[in-house]
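Quick notes on the structure that follows.
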Amino acid sequence: MEHRPAFATTRRTELFDELVALLLAEGFAHLTLDAIAARLRCSKSTLYTLAGSKEQLVTAATVHFFKRSTDAVEAAVAVAGCPRERIAAYLAAVGEALSV
């Protein structure tokens, strides 16, 4: 696995978080890489470090969204008690994660 400095990892996560929010709010068909870079306040070169094309960037953002959602669901289930509470926590967390 590639090792990244903490700042690079943090910045990468921030960019993907912002990209996910942008894509959920506006979609992606009309957005160019130039427009995405401007909206995320980064260069196109920075976007190309995340993915090789707009399509790959959207795919990576989708993976990021579901990874974050999965982490949130697992965290909610981990603190629940009995099986009934775990099921309720799971369903509530899935509903919350997908209600964007």
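Bear in mind that the values in this text are calculations on the coordinates, not laboratory data. Not measured: the values here are computed from a predicted model. Cβ sites come from the backbone with ideal geometry, for glycine too, and all protein chains shown count toward neighbours.
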| task | Report, to two decimal places, the Cα Rg of the chain normalised by 2.2 N^0.38 Å (N = number of residues). | result | 1.28
| Using a basic spin-label model with each label point 7 Å from the Cα along Cα→Cβ, how many nm lie between R86 and S99? | 2.4
| request: Just rank R84, R12, fewest to most, by other beta-carbon atoms within 10 angstrom. | output: R84, R12
| field | Ordering of 14-20, 58-64 by packing [mean C-beta count within 10 Å, highest first] | value | 14-20, 58-64
| request: Going by C-beta contacts inside 10 Å, put F28, F66 in order with the fewest on the left. | output: F66, F28
